[in-house]
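Take a look at the structure set out below.
The values are calculated or read from the model by the stated rules, or taken from the named source; none is laboratory data. Remember, it's a predicted structure, so these values are computed and weren't measured experimentally. So basically every Cβ, Gly included, is an ideal-geometry build from the backbone, and we count neighbours across all protein chains shown.
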């Protein structure tokens, strides 16, 4: 994997504090304009966000002016237990933060599995492929496209990081309170059942217990979570971190004392400012 460097110059639009509103209009792209590669069985009913029948697509947030060098990019997978999507505080609202760090922001709206566990990851792979395809046009370094996910979206992001073919393997992964393990002792049962079904074989459960799928080729990781998360126990992230270190993959993990689950970029999270500073520092560390 090629080494990625963040540009050290500020973007021309970044003239104020790091938290300012950029207000760029995203590029909207449907993922499968030439037909779906697989089905969750409900697309034919007509896409309807209110029914969690999501039309797969991406919104691409780019700086108003080109950066001095091709940027990194991050594909964001919102959470929602593989049953719905938290598109705002775990998706669109991250654009300002990343654009101020010279990172193009691509928010993925992916289909729910509905008994086809390949569906969400297909959408994620296609999002990465499209970003790489448009890299020159969008001033993105195609070797520096990462993935980010929250909760079940963190499971999707870590699935991509541990299962992807080389051409769509992300350069880095950012995981917020991720679902990782299928172990009944620590798993988020709703996410695992929604993805794999009630009667999944042990082989399939192990295949999507992503702590068991880490290799030396798995991309570097940044993990953040709360110690008092009763929805997705902290041991999910701890096991993943341990597996990454066992395979000598660079990894950083921050466990905050409180906050529970699902805080995303909400300013109400007690450690919000600290979390953003630590993520910023990590982005500039490689």
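The criterion of at least 1 residues that are within 23 Å of residue 25 (Cβ to Cβ) and either within 15 Å of the chain's Cα centre (by Cα) or touching a residue at least 24 places away in the same chain (Cβ under 8 Å) (or both) is met by the following strands (runs of 3 or more DSSP E) wholly inside the stretch 95-184: 103-109, 140-150.
For every residue, the table says whether it meets (1) closer than 27 Å to residue 73 by Cα; (2) touching a helix residue (DSSP H, G or I) at 6+ places or on another chain (Cβ under 9 Å).
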position	(1), (2)
174	yes, yes
189	no, no
200	no, yes
220	yes, yes
243	yes, yes
252	yes, yes
262	yes, no
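Of the listed requirements (1) out of contact with any helix residue (DSSP H, G or I) (no Cβ under 7 Å at 6 or more places or on another chain); (2) surrounded by 24 or more Cβ atoms within 10 Å (Cβ to Cβ), residue 149 misses just one: (1). So, of the residues in the stretch 237-251 that are outside any loop (DSSP other than H, G, I, E, B) and over 16 Å from the mean Cα position of the chain (by Cα), which turns out to be surrounded by the most Cβ atoms within 10 Å (Cβ to Cβ)? Of everything passing the filter in the stretch 237-251, 244 is surrounded by the most Cβ atoms within 10 Å (Cβ to Cβ). For the stretch 170-210, give me each residue that is crowded, with 24+ Cβ neighbours inside 10 Å, closer than 14 Å to residue 241 by Cβ and out of contact with any strand residue (DSSP E or B) (no Cβ under 7 Å at 6 or more places or on another chain). Matches in the stretch 170-210: 180, 181, 210. Among residues of the stretch 20-39 that are in a loop (DSSP other than H, G, I, E, B), those with a Cβ under 6 angstrom from a residue that is at pLDDT below 95, sequence gap 6+ or separate chain, pair up as 24/64. For the stretch 252-270, a residue qualifies if it is surrounded by 17 or more Cβ atoms within 10 Å (Cβ to Cβ) and part of a loop (DSSP other than H, G, I, E, B), and the qualifying residues are 259, 261, 262, 263, 264, 265, 269.
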